[in-house]
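*Asks:* Got a structure for you, written out below as structure tokens; questions coming shortly.
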Amino acid sequence: GLQHADDFAALGNAARAQRAPLLIVFTQASCIHCDIAKRDYLVPMSNSAELRGKVIVREIDIDSRARLRDFSGQAVTAKEFAQRYRVRSVPTVIVMDAAGKPAAPPVVGLLAEDFYGLYLQQAIDEGRLKMGASRQ
């Protein structure tokens, strides 16, 4: 599965050091499309040798009351964190820079499955450019 995000301050530092954007997928336990998106796209992506060091993939359950640290190191619930990004439907994927600013338009829903991987890749590429990574 995917690792759940629990410390965005640390993730931001890792993103900065690697010049790799964060890809955060917002999910819910009861969401079948989330499971498909994770199984068919996001888990393979997070395990891909090709993307190693190029993107940091984490998951957040938008219903969770679990505490996590936000980018400024403050404790918030996963639910509050998701609300900051106005996540209303799941899965929503947001590629962020090291400071937590969206670096590409969000990918909302499991859009036309034929194109979903492409939309994710475009968002990652956009995020990498914003992070100052090379095009390779």
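*Asks:* What is the antiparallel percent of DSSP beta bridges lying wholly in the chain, to the nearest 5? It would help to have the intermediate numbers written out before the result.
*Replies:* Working: 11 of 19 bridges.
So the antiparallel bridges amount to about 60 percent of the total.
*Asks:* Restricting to Cα pairs below 8 Å that are 6+ residues apart, what does the relative contact order work out to for the stretch 17-113? Please round to a whole percent. The partial results should precede the final answer.
*Replies:* Details: 150 pairs, mean separation 34.4, N = 97.
Rounded, it is 35 percent for the stretch 17-113.
*Asks:* Still on this structure, please answer the following. Which one of Q18, S46, I56 has its Cα pushed farthest toward the positive end of the charge dipole of the stretch 1-132, where Lys and Arg give +1 and Asp and Glu give -1 at the Cβ?
*Replies:* Q18
*Asks:* Further question on the same structure: Place a +1 charge on the Cβ of each Lys and Arg in the chain and a -1 charge on the Cβ of each Asp and Glu, then give the dipole magnitude about the Cα centre in debye, rounded to the nearest 20.
*Replies:* Details: 18 positive and 15 negative charges, 96 e Å.
Approximately 460 debye in magnitude.
*Asks:* Extension gain L111-Q28, at 0.36 nm per residue separation less the Cα-Cα distance, in nm? Don't skip to the answer; put the middle values down first.
*Replies:* Values: separation 83, 0.36 × 83 = 29.88 nm, distance 1.69 nm.
That pair, L111 and Q28, stretches by 28.2 nm at full extension.
*Asks:* Taking the full set of protein chains and a 1.4 angstrom probe, give the accessible area of S72 in square angstrom, rounded to the nearest 10.
*Replies:* Result for S72: roughly 90 Å² accessible.
*Asks:* With a 1.4 Å probe and every protein chain left in place, work out the accessible area per residue of the stretch 27-136 in Å², rounded to a whole number. All intermediate terms of the calculation are to be shown ahead of the outcome.
*Replies:* Numbers: 6080 Å² over 110 residues.
Dividing the accessible area of the stretch 27-136 by its residue count gives 55 Å².
*Asks:* Tell me the chymotrypsin sites (Phe, Trp or Tyr not before Pro) within the stretch 1-49 that lie in a loop according to DSSP and have at most 10 other beta-carbon atoms within 10 Å. Write down the numbers at each step before the final one.
*Replies:* Values: sites: F8, F26, Y41; in loops: none.
Within the stretch 1-49, no chymotrypsin sites (Phe, Trp or Tyr not before Pro) qualify (loop, at most 10 other Cβ atoms within 10 Å).
*Asks:* While we're looking at this one, here's another question. Would you kindly state the longest site-free stretch of the chain, with sites defined as trypsin sites (Lys or Arg not before Pro) in a DSSP loop (not H, G, I, E, B) surrounded by at most 12 other Cβ atoms within 10 Å?
*Replies:* With trypsin sites (Lys or Arg not before Pro) excluded where exposed in loops, the chain gives 1-51 as its longest stretch.
*Asks:* Assuming 0.36 nm per residue, please report the length gained on full extension of the stretch R39 to D6 beyond their Cα-Cα distance.
*Replies:* Details: separation 33, 0.36 × 33 = 11.88 nm, distance 2.11 nm.
Contour length minus Cα-Cα distance gives 9.8 nm.
*Asks:* Here is a further query. Under the classification rounded if a/c is under 1.5, otherwise prolate if a/b is larger than b/c and oblate if not, where does the stretch 1-135 fall, given a ≥ b ≥ c as square roots of the Cα gyration tensor eigenvalues?
*Replies:* On the way: a/c = 1.60, a/b = 1.02, b/c = 1.56.
Note, shape of the stretch 1-135 comes out oblate.
*Asks:* Can you classify the stretch 79-133 as rounded, prolate or oblate using the Cα gyration tensor, where a ≥ b ≥ c are the square roots of its eigenvalues, rounded means a/c under 1.5, and otherwise it's prolate if a/b beats b/c and oblate if not? Mind dumping the intermediate values first?
*Replies:* Working: a/c = 3.47, a/b = 1.02, b/c = 3.39.
Because a/c hits 1.5 or more and a/b fails to exceed b/c, the stretch 79-133 counts as oblate.
*Asks:* Could you tell me whether the stretch 10-78 comes out rounded, prolate or oblate from its Cα gyration tensor? Rule is a ≥ b ≥ c as square roots of the eigenvalues, rounded for a/c under 1.5, then prolate if a/b exceeds b/c, otherwise oblate.
*Replies:* On the way: a/c = 3.64, a/b = 1.01, b/c = 3.59.
Since a/c reaches 1.5 but b/c is at least a/b, the shape of the stretch 10-78 is classed as oblate.
*Asks:* I would also like to ask the following. Starting from the amide H of L2, placed 1.01 Å from N in the peptide plane, find each other amide H under 5 Å away whose residue is 5 or more places distant or on another chain.
*Replies:* Residues meeting the criterion, in which the H sits 1.01 Å from N, do not exist here.
*Asks:* Oh, and also: Calculate, in nm to one decimal, what D70 and Q83 gain on full extension: separation in residues at 0.36 nm each, minus their alpha carbon distance. Can you show the working numbers first?
*Replies:* Details: separation 13, 0.36 × 13 = 4.68 nm, distance 1.24 nm.
Full extension of this stretch gives 3.4 nm more.
*Asks:* In the chain, carbon and sulfur make up what percent of the accessible area (probe 1.4 Å)? Write down the numbers at each step before the final one.
*Replies:* Working: 3480 of 7220 Å².
Result for the chain: 48 percent of the exposed heavy-atom area is carbon or sulfur.
The values are calculated or read from the model by the stated rules, or taken from the named source; none is laboratory data. This structure is a prediction, so every number in the text was calculated from the model and none was measured. Positions of Cβ are backbone-derived with ideal geometry, glycine not excepted, and every protein chain shown enters the neighbour counts. To get the accessible areas, we keep the full protein, side chains included, count just its heavy atoms, and leave off ligands, DNA and RNA. Shrake-Rupley method; radii C 1.70, N 1.55, O 1.52, S 1.80 Å.
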